[in-house]
Each structure stands twice: as structure tokens, then as C-alpha cells.
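Throughout, read-outs are computed from the coordinates displayed, never taken from laboratory work. Computed from a predicted structure; not experimentally measured. Neighbour counts are summed over all protein chains in view; Cβ atoms, including those assigned to glycine, are modelled from backbone coordinates with ideal geometry.
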Amino acid sequence: MILNITTTYAPATDWGYVLHKHPDKLQTVELSMGEAHIFYPQKSETSLTLSLLLDIDPIEMVRGNKKSGSDNFALAHYVNDRPYVASSFMSVAIAKAFASALNGKCKERPELVAQEMPFEVMIASVAAPKGGESLIRRLFEPLGYEVRVERQVLDDKFPEWGASKYYILHLKNKITTQALLSHLYVLLPTLDNDKHYFVNQHEIEKLLQKGEGWLKNHPEKEQITKRYLINLTSLSRQALERLSEGELLEAEPNEWGLLSETEKRKESLHEKRLQKVAEVLLASGANTVLDLGCGEGKLLRKLLKHKQFTQIAGVDVSYQELLKAKEKLHYDEMSPKQKERITLFQGSLMYQDERLKGFEAAAVVEVIEHLEPNRLAAFERVLFENAKPQTIVLTTPNREYNVTWESLEAGIFRHSDHRFEWNRAEFASWAKGVAQRYGYRVEIAPLGEELENIGAPSQMAIFTHGN
Ligand code: SAH
């Protein structure tokens, strides 16, 4: 991934002072997961181009995770777009390579700090964000940038393959070097969906510091904040509150954790459901437990409180959910002993996975309804045939109960990502079939308060395997 900045400011060499980078030297800074090279590919009387070339080692990324003590948090992504797209790596490189300029300091020529200069920027590549080109414009144009976006083809030898999801971004503006670098520092990772390091409280400080003087009045400040903090609502909210200096935020209540009555009811139902699942797991006598589709780790938190569980593993297909889980569990602050009890890893319940083997119990809470019905058979084999824990506690919504949610129209599922919702008879028939096919006993129970003719909000099957 490469960032080129050209200025026609004269004398162009003055800019080298602001950047603290001599135009005749190639410099390299070490990053935790690769290197950044800084050089000037073009230099003339009238213009100067600076390049920041990032050389990211995807293997080092995985190793890097281990070194930082979080080897349980396996990101088994050796093949990914990280080396090629501008992301939080670029911000780290900018901060490391141009620390003084980013902080508005220039020892030798302090008068240059406030000097606005004409800049042309080229970044290859930017991963197309949700919102596409229009989002890119909404982020940069309010700050005075002229924006041009080039969509890259997947492979120029095979034009029929069409466009890739990557853009080359061109920006033009007349501003100070500090403003330019701080805009890039904040906005490049907001265009990316992933962060290579774990998002925590310090990120708020960085965002507010680098956004000083411009983020507060940016029309997209909410989007920027939320994306920068990768949609961790509690962090975004704190940051936005500080940006608005305590003004009350006009935001969708549910978006900010101020729950509506229906949502409060759902939350408390979910809490009870998880409590029940934890009780069943305790009663099973299991010491080692898998939480499949663990989401943000609500059940994991409950299980950690019980010493009976010596090994607890949370699995989810969504890396974002795992990041949330890691934060909510306060994983980074855990004692080494506590860390040994918990493992989080990314995986899909549709594929056989050795890591799922050897556990005494598994929980699958409100997950199967997120799977495509024609993939259920694959899931059954993964769990009941390959992983094969002695106890499996599985829950799913009871469709009959939907009539009690005022906000739900007939025939609509409770959650937009649900692929199906079963009534009690359908669930029982599936559960019995699975038990029979894989040699488990099954017991079915309602979850939550039961209503006449309708049943409870959720339903639970407890599968046990002989011996
Ligand atoms: N069990 C959690 C989360 C339920 S939401 C709780 O009760 O709070 C469903 C979760 O299943 C989501 O986090 C989703 O990312 C995950 N999921 C969906 N399909 C999956 C799959 N194929 N493999 C693993 N996890 C999956």
C-alpha cells in the first residue's frame, strides 16, 4: 500500500523541514508487523513528491498477535488484503514516520508549521467501504478536499472479471501539513472495516487528539467516530459526548444503548435464557465448554464466574463479534491464570474443525436460526458427529411467541438476520431427528415464561450422549 503526497509549494524543500525528512534520504521505520519506507520519488524546482510505502507481513501479523500474549485469540488469516489496502496500519505508519509534523512541531523552521501548502495525495488502495464512493466524498469534501476516485479492475489481463472492491483515491487541498496528516490518520482507517490492533479506551484519546480542530464540526462526525472505533457503541458514544462537550446527543435511542421498552424486554429475556443455559451446563458436570456462535460473549462472562469451568472456548464466524467479546470480557486486563481458562477463535459451524473436539459440553444459543436451512445438515455433522461433546445445550426462538411482540408484523422474523424460525413442533421434530441420527438423548424445554397455546419466547434442547 502506498501513499504519495505532492506539493508545489516553493521552495518545495521547505516541506522536507516540516516533515523532518531529508529529500535525499531513504528512511525506513519499523512497525510491529512490517516496515514503512519513506522516500521522495520526484523532486524538482517546482514540486516535491513524498512516498510512504508500507510493507506489511501478513505472517508477522499472526505471529504479532501471539507475541502480545494473546495467542488464544487466533486470527488464522494468513491470506488477506491487509498488505495492500490503506487501513489502521497506514495511520500507525504516519504517526511513526511523521510524529513531529503530526503534532504540529518543527524545531528548525517553526514558522512553517502554520504554512498552508497545496497538496495532491494519491492512495493505493482503499477498500470500498459500505457507502462506496459517496461515503469517501462525504468524509473528505467537507474538509475542503477535491476528491477523485478510480475503481481498480480485478485483473487487467481479464477485464471480464470486472471491478474489484478497491479504489485508488486522489485528493487535492491547500492546508497545513499537520491538518493533512491528521485527516489521513483518522479517515483512512474509518474507510476500512478492520483494525489490526485491539480497539480500546486509548483509541478514543487518539481520535480526539488527532481530530482536534476539525472533527467536532465535521458533518459526518458520528460516522467517522463510529467507524474509527469500529462500531463499538459504548466507545463511540463516549467519544461523541466529549466532542459535543456534554451536549445531549440526538441519536437513535437503540443505537446508543438507551433501550426502548421492547428492547429492554428482549434483553431481560435473553439474560434469563443465558442464565438457564449456564445452569444446565453446570448441572451437566462439564469442566470444558464450547460456546458456539458466542457473539459478544455474554454467556462466556457468566461461565467464567464458575470455577467448575476450567476451559471455556468462544467461537464465532464474525471477527467483529469476537473483538467485542474480547473487550467485554476485559481479556487484556485478565490475570494470566484467568486468560488460560478462556480461548476465543474465529470459525464457522458449517465446517469440520479440529479445534472443536475434546470439549465435554457445548452451548449453541440463538445461533441455528442464523444458518441457511440447507446448511443445517452440515452443522449437525460438525457438532454431533465430529466435535461430539457429551452435552449440547441448543436454543432457538419459538415462532409462535412472535404474536406477543407488538412491533412484529405477522410472518416477520424477530431478527433481520434470521433465516428461519421454528414453532415448537418443528423444533421438537428436528431435535428428535438429530438425537436419533447421532446417538444422543434429548430433552426439550421452554425457555422463559410460558403462555397458553403460544409457549415460551425460546425453546431449548438438551442433548446428552451416553458414557
Ligand atoms: N450466542 C450469542 C449470540 C447469538 S447471535 C448470544 O446468545 O448472545 C448469533 C451469533 O451466531 C452471531 O454472533 C453470529 O456471528 C454467529 N454465527 C452466525 N453464523 C455462524 C456460523 N456459521 N458459524 C459461527 N457463528 C455463526
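For E366, nonlocal amide neighbours, meaning residues 5 or more places apart or on other chains whose placed amide H falls under 5 Å from its own, are T395, T396. The length gained on full extension between E426 and T13, counted as 0.36 nm times the residue separation minus their Cα-Cα distance, comes to 141.2 nm. The slack in the chain from M350 to K96, taken as 0.36 nm per residue of separation less the alpha-carbon distance, amounts to 87.3 nm. Couplings 3J(HN,Hα) of region 120-126, computed from phi: 10, 10, 10, 10, 10, 10, 10 Hz, in residue order, whole Hz [Karplus 6.51 cos²θ - 1.76 cosθ + 1.60, θ = phi - 60°; x for Gly and Pro]. Each residue in T28, T177 was given a count of other beta-carbon atoms within 10 angstrom of its own, and listing them fewest first yields T28, T177. A simple charge model with +1 on the Cβ of Lys and Arg, -1 on the Cβ of Asp and Glu and nothing else charged puts the dipole of region 261-465 at about 740 debye relative to its Cα centre. If R0 equals 35 Å, the separation of the Cβ atoms of S268 and H202 corresponds to a calculated FRET efficiency of about 0.60.
How big is the antiparallel share of DSSP beta bridges in region 261-465, given as a percent to the nearest 5? That works out to approximately 45 percent antiparallel. Residue-wise, which Karplus ³J(HN,Hα) couplings in Hz belong to region 318-332, taking 6.51 cos²θ - 1.76 cosθ + 1.60, θ = phi - 60°, and x for glycine or proline? Each residue of region 318-332 in turn: 9, 5, 4, 5, 5, 5, 4, 4, 4, 5, 5, 7, 6, 4, 5 Hz.
Placing a label point 7 Å from the Cα of H37 along the Cα-to-Cβ line, the residues of region 110-151 whose backbone N sits under 19 Å from it are 122-125.
Longer than 30 Å from Cα to Cα, which of K21/K226; K221/K276; K96/K165; K221/K302; K43/K216; K105/K216 are they? Say none if no pair is. Beyond 30 Å between Cα atoms: K21/K226; K221/K276; K221/K302; K43/K216. With contacts taken as Cα pairs under 8 Å at a separation of at least 6 residues, region 261-465 carries a relative contact order of 19 percent.
Diffusion coefficient (Stokes-Einstein, Kirkwood radius over C-alpha pairs, 20 °C, 1.002 mPa s) for region 281-322: 203 µm²/s, rounded to a whole number. Measuring r between the beta carbons of R151 and E333 and using R0 = 56 Å, the FRET efficiency lands at 0.85. Compared with the direct C-alpha span, the chain from N386 to T404 gains 2.6 nm at full extension, assuming 0.36 nm per residue.
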